[in-house]
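Enquirer: Could you have a look at this structure, given as structure tokens, before my questions?
The values are calculated or read from the model by the stated rules, or taken from the named source; none is laboratory data. Predicted model, so just to flag it, every value in this text is computed and none were measured. FYI the Cβ positions are ideal-geometry reconstructions off the backbone, even for glycines, and counts take in every protein chain you see.
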């Protein structure tokens with residue numbers, strides 16, 4: 001079995017999974033549906049062929065439920081299998097463009113790296129998420145807790 005690094009972007013639909021060998025992307029997987037349904041099936045299939053030695057994931061901002069499910073699943077998997085789990089912001093994988101929040105609102109990364117929630121403006125461009133061809137491990141952190149960025153309740 002090949003030793004791989006796994007990178008997941010589960011804050012979007014479809015869920016994106018990159019399989020990396022020595023930091024190079026060797027396979028892309030896109031899965032439609034709920035994260036809670038897709039993750040267990042994805043891992044069941046991956047473990048038939050690969051040995052996962054490291055996991056990287058996007059910990060927000062984005063869908064609250066997807067972030068929570070991903071965190072719980074991946075944290076548990078990493079503890080049980082004694083493997084590294086690292087996280088990074090979703091803005092690093094969509095050209096720093098707005099990320100869908102609630103209703104018609106989006107998360108924006110401000111110039112001072114703060115995250116705000118607002119409506120799209122006519123000039124705003126929303127880029128899709130993409131898996132990098134080379135996994136830059138330096139942009140990931142041990143701070144793996146979800147970055148929910150929930151708006152205040154009025």
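One line per residue, one yes/no per condition, for (1) under 16 Å from residue 140 (Cβ atoms); (2) modelled with pLDDT under 95:
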position	(1), (2)
41	no, no
56	yes, no
66	no, yes
71	yes, no
74	yes, no
77	no, no
87	yes, no
98	no, no
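Enquirer: Still on this model: Out of 56, 71, 50, which single residue is in contact (Cβ under 8 Å) with a residue 12 or more places away in the chain, more than 30 Å from residue 122 (Cβ to Cβ), over 14 Å from the mean Cα position of the chain (by Cα) and surrounded by 17 or more Cβ atoms within 10 Å (Cβ to Cβ)?
Expert: Details: 56 fails: over 14 Å from the mean Cα position of the chain (by Cα); 71 fails: over 14 Å from the mean Cα position of the chain (by Cα).
Of 56, 71, 50, the one residue that is in contact (Cβ under 8 Å) with a residue 12 or more places away in the chain, more than 30 Å from residue 122 (Cβ to Cβ), over 14 Å from the mean Cα position of the chain (by Cα) and surrounded by 17 or more Cβ atoms within 10 Å (Cβ to Cβ) is 50.
Enquirer: Also, I was wondering about something else. Tell me which of these residue 51 doesn't satisfy, since it passes every other one: (1) in contact with a strand residue (DSSP E or B) (Cβ under 9 Å, 6 or more places away or on another chain); (2) modelled with pLDDT under 95.
Expert: Of the numbered conditions (1) in contact with a strand residue (DSSP E or B) (Cβ under 9 Å, 6 or more places away or on another chain); (2) modelled with pLDDT under 95, the odd one out for residue 51 is (2).
Enquirer: Mind listing just one residue for me: the one in the stretch 102-135 that is touching a residue at least 40 places away in the same chain (Cβ under 8 Å) and either in contact with a strand residue (DSSP E or B) (Cβ under 6 Å, 6 or more places away or on another chain) or over 18 Å from residue 12 (Cβ atoms) (or both) and, of those, surrounded by the most Cβ atoms within 10 Å (Cβ to Cβ)?
Expert: Result: 107.
Enquirer: Which residues, taken from the stretch 9-27, are under 14 Å from residue 134 (Cα atoms) and under 14 Å from the mean Cα position of the chain (by Cα)?
Expert: Of the stretch 9-27, the ones under 14 Å from residue 134 (Cα atoms) are 17-27.
Within the stretch 9-27, 17, 18, 19 qualify.
Enquirer: Residue 94: modelled with pLDDT of 95 or more and closer than 14 Å to residue 9 by Cβ, yes or no? Write out each step before concluding.
Expert: Working: modelled with pLDDT of 95 or more: yes; closer than 14 Å to residue 9 by Cβ: yes.
So residue 94 passes the test.
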